[in-house]
Amino acid sequence: MRRPGVAQATPKASRFALAVALALTLAGGTARAEGEKTPAPTPAPAISSKSAPKPVAEPGPQAVPGFWDPRRRPDRPDLSRLTVIRFLTETDYPPFDFTGPDGNPAGFNVDLARMICDEIKVTCTIQMRRFETLVDALTSNKGDAIIASLAVTPQLRTRLDFSDPYYRAPARFVSRKDSVMREVRPEFLEGRKVGVVAGTSHEAYLKAMFTDAELHSYPNDEAARAALRRGEVDFVFGDAISLAFWIAGTDSGDCCAFAGGPFVESRYFGEGVGIAVRKGNDLLRQAINYALFRLWEKGRYTDLWLRYFSVSPF
C-alpha cells in the first residue's frame, strides 16, 4: 500500500497553516508502502533516454488540478440501496488526515469524504485507524471505503477496487529563488548539479531522461534540501507535494521556489490517489465517482483544495 509524500518533518502547526493551492487537473502520487511510516517510492522501469520527458506547462501560482473530463460525465447511479458509507482514514498524515482540536477526524480527506456524502445525500461515518491496518479493516467489512491518500497500484488492484483519482503527486524541480527557470528541459540542465534521494523513482527518472545533468544522490529529502540551501546543488528533484510544503514552511528559510512545471509520467510517479472499496462493490464505487465529478463541476473541490494548499505543486 502506498501513499503520496508530505513533508513529514514539518511540525503539525506549520502544516495546518500552510493551505496549498494546486489547480485545474487532478493527477497520482508519490506514496508510501503498506506498513511504512515514511514515503518510499520505488524505481520505475527504465525507458529509453532518447524519449523526451513531458513537462506539464506551469498553470500558475493558484492553479488547482482537475482530474475529471467534462466530456465523460458519469451517470447518476441508483442510490436507493445506499444508506450509509463507513469511511476509514489514517490517524496522523496532516494535512490530509489528523485529529482535530475537538478530538474528531479532520483534514483534506475527511472534509472530502463529508462532501461526498453531502452531495449524494447519504449518511457518512469516519473512523480513524493506523495506516497499516486500513486494507484489512476494509476487506473484513469494518468499513466501506478507504479515503487515506492511498495510491492506486497494480498490487492493490488485486485486492481492492478504486474510484477515479482525486489527486496526484507530480515530480518537480526546485531551485534557489535567484536562479528559477521558467521551463526545465534536459538540454537546459547539461552540467548542472541536481540533488535527488537515492533509490527513488525520481532518481530513476533523472537517470533516464536528464542524462547530461550531474546527479547528486542523498539518503533522504532533508539532506538533499539542505544541500540546495547551501548551494552545493543547483536543483532538487522530488515529490512536488512535499516540496510545496517545504517551500512554504520555515525549514526552507524562504530560499527556494519551483523551477519549471510538473512531471506526471505514471510509469514513474504513479496512477493517482483513489478511494478504495471492496472488490465488486460497483454501486459504491460508481456513487463515489459520480459525487467526485459533481463536486469538481460545482467548484466545491477547488474550494477545498485552495483551503488546504497555498503553494501549487502543479
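None of the figures in this text is laboratory data; all of them are computed from the coordinates on show. No experiment lies behind these values; they were computed from the predicted model shown. With ideal geometry, Cβ positions are generated from the backbone for all residues, glycine too; neighbour counts draw on all protein chains shown.
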Legend entry - Student exercise, the stretch 80-128 dipole from Lys, Arg, Asp, Glu Cβ charges, in Debye to nearest 20: 340 debye
Inset, instruction - Under 20 Å Cα to Cα from K193, which aspartates and glutamates show up? Leave out anything in the same chain fewer than 8 places away. - result: D178, E183, E203, D212, E214, D221, E222, E232, D234, D239
Inset, instruction - Mind running the shape call on the stretch 264-314? Use the C-alpha gyration tensor, a ≥ b ≥ c as the square roots of the eigenvalues: rounded below 1.5 for a/c, prolate if a/b tops b/c, oblate otherwise. - result: oblate
Legend entry - Backbone HN-Hα couplings from phi across the stretch 127-139 [Karplus 6.51/-1.76/1.60, Hz, Gly and Pro as x]: 10, 8, 9, 4, 3, 5, 9, 5, 5, 5, 5, 5, 5
Inset, instruction - Would you please give the residues with an amide H less than 5 Å from that of G195, counting only those at least 5 places away or on a separate chain, with H modeled from the backbone geometry? - result: H216, D234, F235, V236, F237
Inset, instruction - Scan the stretch 120-193 for GluC sites (Glu not before Pro) in coil per DSSP, keeping those whose Cβ has at most 16 other Cβ atoms within 10 Å, and list them by number. - result: E183, E190
Inset, instruction - Tell me the trypsin sites (Lys or Arg not before Pro) within the stretch 65-166 that lie in a loop according to DSSP and have at most 12 other beta-carbon atoms within 10 Å. - result: R71, R72, R81, K121, R130
Legend entry - Which of V273, F258, F293, positive extreme of dipole for the stretch 192-314 (C-beta unit charges): F293
Legend entry - Net length gained if the chain between K298 and T99 were fully extended (0.36 nm per residue, minus Cα distance): 68.8 nm
Inset, instruction - Read phi for every residue in the stretch 261-270 and hand back ³J(HN,Hα) as whole Hz from Karplus 6.51 cos²θ - 1.76 cosθ + 1.60, θ = phi - 60°, with x for Gly and Pro. - result: x, x, 10, 10, 4, 5, 5, 9, 10, x
Inset, instruction - Determine ³J(HN,Hα), in whole Hz, for all residues of the stretch 302-307 in sequence, where each value follows from phi through the Karplus function 6.51 cos²θ - 1.76 cosθ + 1.60 and θ = phi - 60°; x replaces Gly and Pro. - result: 4, 4, 5, 4, 5, 5
Inset, instruction - First measure r as the distance between the Cβ atoms of K207 and R182, then evaluate 1/(1 + (r/R0)^6) with R0 = 41 Å and state the FRET efficiency to the nearest 0.05. - result: 0.95
Legend entry - Contour minus Cα-Cα distance for R229 and S266 (0.36 nm per residue): 10.4 nm
Legend entry - Angstrom value of the Kirkwood radius, inverse mean 1/r, which spans all Cα pairs in the stretch 171-263: 12.7 Å
Inset, instruction - Would you pull out the residues with amide H under 5 Å of F173's amide H, same chain only if 5 or more places away, H placed 1.01 Å from N? - result: A259
